[in-house]
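Derivation of every value follows stated rules applied to the coordinates shown; laboratory data play no part. Remember, predicted model here, so these are calculated numbers, not experimental data. FYI the Cβ positions are ideal-geometry reconstructions off the backbone, even for glycines, and counts take in every protein chain you see.
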Amino acid sequence: MLTTRRRVLAVAGAAAATIAMPWVARAQQKVIRMRLAHAANEVHPGHIATVRFKEALEKLLPGRVNVQIFPNRQLGDDKQSLESAIAGTIELAGASGVLYPLVTGRPALAAYQLPFLIRDYEHFTKLATSEIGQKMLDDLAPAGLVGLQTTDIGQRNFLSVSKPVKTIADFAGLKTRIVPVPLHKQIWEALGTAPIGLPYGEVYSALQTKVIDAVEINVSSVVGENLWEVGKHFTLTGHYPWHNVIVANKAFFDGLPPDVQAAMRQAGKDSIVPTMDYTKTQDFAARDDLKKKGVQFTPLEDLPAMKAKVEPIIGEWSKKSPLIAEFVAAAQASA
């Protein structure tokens with residue numbers, strides 16, 4: 001009788017365990033969901049950067065992760081997306097690199113926009129995938145962020161409304177939209193403009209209503225924000241790249257399994273070159289499209305003089321951080 005009772009209990013226990021096993025397996029394979037917010041529209045390289053990251057990560061971890069992208073300022077502008085990632089209200093964010101020093105107090109990432117330091121898209125890619133490029137991302141850890149990817153989303157030039165800018169003298173007094181950060185203010189004051197800080201989403205209306213006369217900007221943003229409708233004079237200066245950085249909330253990242261952490265870092269690296277290829281292709285192809293829409297492209301006649309005016313800024317900013325100095329040395333050595 002005792003033996004029978006034990007056998008019944010054993011069979012029942014085994015059956016219960018068997019029933020529970022699929023649930024255990026499913027729990028172990030639970031999909032990790034991540035929200036990635038940014039401000040750009042779907043044709044902009046800033047969006048493509050997030051798509052390439054998502055593709056790379058989901059390829060490395062098939063069925064284990066699901067990255068949901070929120071473009072077009074759905075969850076806020078660049079600054080708000082970055083602040084949300086720091087706060088942990090979203091897991092991932094893509095934002096303009098210029099904002100990271102402003103929001104986090106970590107100055108190193110400003111180095112990418114030292115005037116005329118980075119020559120072209122190939123030079124940028126070399127730096128972003130280098131040891132110093134990784135150090136710049138790692139420097140975000142004290143701010144509660146894990147840096148995953150840095151890409152260029154478009155070399156910056158100059159768009160004006162009323163008249164073409166052909167020489168440095170033409171910059172004088174132009175009310176020019178900038179991101180209100182110290183480096184940009186210093187550069188554009190040195191060139192004689194009257195810099196005005198405005199949110200990205202207000203540029204179109206400000207140009208249309210003549211609140212501003214001009215904006216320093218990349219081709220992708222002229223296309224993505226339809227700025228060609230109000231600004232018809234595009235001066236090719238290539239003064240600095242517009243770098244974009246994808247980050248994860250550090251507390252979220254640290255709570256992930258080690259293999260998922262490693263895959264996220266690898267996905268960041270794997271997605272740099274495809275994004276850069278898109279950025280470069282779009283930049284030059286879109287110039288032809290903009291010409292058809294009536295935008296006049298003009299080279300700056302005294303570009304060497306422009307470079308000379310802002311060159312002292314590189315040395316000055318190199319003193320602000322050892323990482324900036326190291327980045328400048330690496331850029332100059334590889335130029």
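One chain, two ends: Lys185 and Val31. Fully extended at 0.36 nm per residue, the span grows by 50.9 nm beyond their Cα-Cα distance.
The residues neighbouring Glu131, those whose beta-carbon lies less than 15 Å from its own, together hold a net charge of +1 under the Lys/Arg +1, Asp/Glu -1 convention. The residue among Gln113, Gly144, Thr237 whose Cα reaches farthest toward the positive pole of the charge dipole of the chain, with charges on the beta-carbon of Lys, Arg, Asp and Glu, is Gly144. Estimated from the Cβ-Cβ distance and a Förster radius of 45 angstrom, the FRET efficiency linking Asn66 and Gln208 is about 0.65. What 222 nm value per residue comes from the helices of the chain, counting each DSSP H run with n ≥ 4 as -39,500 (n - 2.57) and dividing by all residues, nearest 500 deg cm²/dmol? The per-residue figure over the chain is -15000 deg cm²/dmol. DSSP finds beta bridges in segment 144-244, and of those with both partners inside it, around 60 percent are antiparallel. Measuring r between the beta carbons of Gln134 and Ala87 and using R0 = 25 Å, the FRET efficiency lands at 0.50. Once the Cβ-Cβ distance of Ala329 and Lys293 is raised to the sixth power relative to R0 = 35 Å, the FRET efficiency obtained is 0.25.
Projecting the Cα atoms of Gln296, Ile324, Ala263 onto the dipole axis of segment 226-335, where Lys and Arg carry +1 and Asp and Glu carry -1 at the beta carbon, places Gln296 farthest toward the positive end.
Could you give the size of the charge dipole of the chain about its Cα centre, using +1 on the Cβ of each K and R and -1 on the Cβ of each D and E, expressed in debye and rounded to the nearest 20?
Working: 37 positive and 32 negative charges, 244 e Å.
Dipole of the chain, to the nearest 20 debye: 1180 debye.
DSSP assigns beta bridges within the chain; of those with both partners inside it, close to 55 percent run antiparallel.
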